[in-house]
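Undergrad: Below are the structure tokens for one structure; questions will follow.
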Amino acid sequence: MHDQKTRKIVLSALLAALCCVATMVIQIPSPANGFVNLGDCFVLLSGWLLGPWYGAAAAGIGSMLADVLSGYAHYAPGTLVIKAVMALVAALMFRKMTQHKTTAMVASAFVAEVIMVGGYFLYAMALLGKGLGAAASIPGNLVQGAVAMVVSVLLMGIIRKTELDKKLI
């Protein structure tokens, strides 16, 4: 039991670091003027691999650290909550739909990315004072979400084929 908890804490720290690094370092030019990062891929993987609570902690903390370290500290509180909720919802949906793993991944990724797009819109609109001008971020966030859905499902498919998901946790 103690070994299992230690393993989960270590994996949570690893996935938090991957969320941070994938957000800061891996950037793909986007047709929506800007860049798409792969941080959301690891947000989803955190939820699917670690479960709702450890996954939410890893996703929220890792993504928040990326904002702080990249000079976007004003987004850090929103990112902490939005990414944690994304991982939490993805994990809960994934666990409920266990008989259809691929469908569960796609559905939970879709809902999580809708939370991301809506969450950042509301955060920028209400708390950062951008008003309806915050809607300008929606197209870029939709591209970000679509890329994250595809890449995370592909990565999880690879992890499942190697049976690492059973060995990790």
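The values are calculated or read from the model by the stated rules, or taken from the named source; none is laboratory data. Since this is a predicted model, take the numbers as computed values, not measurements. Methodologically, a virtual Cβ is constructed for each residue, glycine included, from the backbone with ideal geometry; neighbour enumeration extends over all protein chains shown.
Undergrad: Confirm whether residue 64 is at pLDDT 95 or above and either surrounded by fewer than 23 Cβ atoms within 10 Å (Cβ to Cβ) or among the aliphatic types (A, V, I, L, M) (or both).
TA: On the way: at pLDDT 95 or above: yes; either surrounded by fewer than 23 Cβ atoms within 10 Å (Cβ to Cβ) or among the aliphatic types (A, V, I, L, M) (or both): yes.
Criteria met by residue 64.
Undergrad: Something else now. Under 6 Å by Cβ, and 6 or more places apart or on different chains, what pairs join a residue from segment 140-161 that is farther than 16 Å from residue 102 by Cα with one that is surrounded by fewer than 18 Cβ atoms within 10 Å (Cβ to Cβ) and of a type in the set (Ser, Thr, Tyr)?
TA: What qualifies is 143/30.
Conditions tested, residue by residue: (1) buried (at least 19 other Cβ atoms within 10 Å of the Cβ); (2) small (Gly, Ala, Ser); (3) closer than 23 Å to residue 158 by Cβ; (4) modelled with pLDDT of 95 or more.
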site	(1), (2), (3), (4)
29	no, no, no, no
53	no, no, no, yes
73	no, yes, no, no
91	yes, yes, yes, yes
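Undergrad: Given the criterion outside any helix (DSSP H, G or I) and closer than 20 Å to residue 106 by Cβ, identify the matching residue among 36, 43, 89.
TA: Details: 43 fails: outside any helix (DSSP H, G or I); 89 fails: outside any helix (DSSP H, G or I).
Residue meeting the stated conditions: 36.
Undergrad: Of these, 79, 98, 103, which one is in a helix (DSSP H, G or I) and either farther than 25 Å from residue 136 by Cβ or aromatic (Phe, Trp, Tyr) (or both)? Break it down stepwise before answering.
TA: On the way: 79 fails: either farther than 25 Å from residue 136 by Cβ or aromatic (Phe, Trp, Tyr) (or both); 98 fails: in a helix (DSSP H, G or I).
The match here is 103.
Undergrad: Within segment 127-163, which residues are farther than 23 Å from residue 73 by Cβ and among the β-branched types (Val, Ile, Thr)?
TA: Across segment 127-163, the qualifying residues are 143, 147, 150, 151, 153, 158, 159, 162.
Undergrad: Additional query: Applying the selection to segment 9-31, what residues are more than 19 Å from residue 137 (Cβ to Cβ) and touching a residue at least 60 places away in the same chain (Cβ under 8 Å)?
TA: Applying the first criterion (more than 19 Å from residue 137 (Cβ to Cβ)) to segment 9-31 yields 9-22, 25-26.
Residues satisfying the conditions are 11, 19.
Undergrad: Among the residues of segment 56-71, are any out of contact with any Phe, Trp or Tyr (no Cβ under 6 Å at 6 or more places or on another chain), over 21 Å from residue 146 (Cβ atoms) and outside any helix (DSSP H, G or I)?
TA: Looking through segment 56-71, at least one residue is out of contact with any Phe, Trp or Tyr (no Cβ under 6 Å at 6 or more places or on another chain), over 21 Å from residue 146 (Cβ atoms) and outside any helix (DSSP H, G or I).
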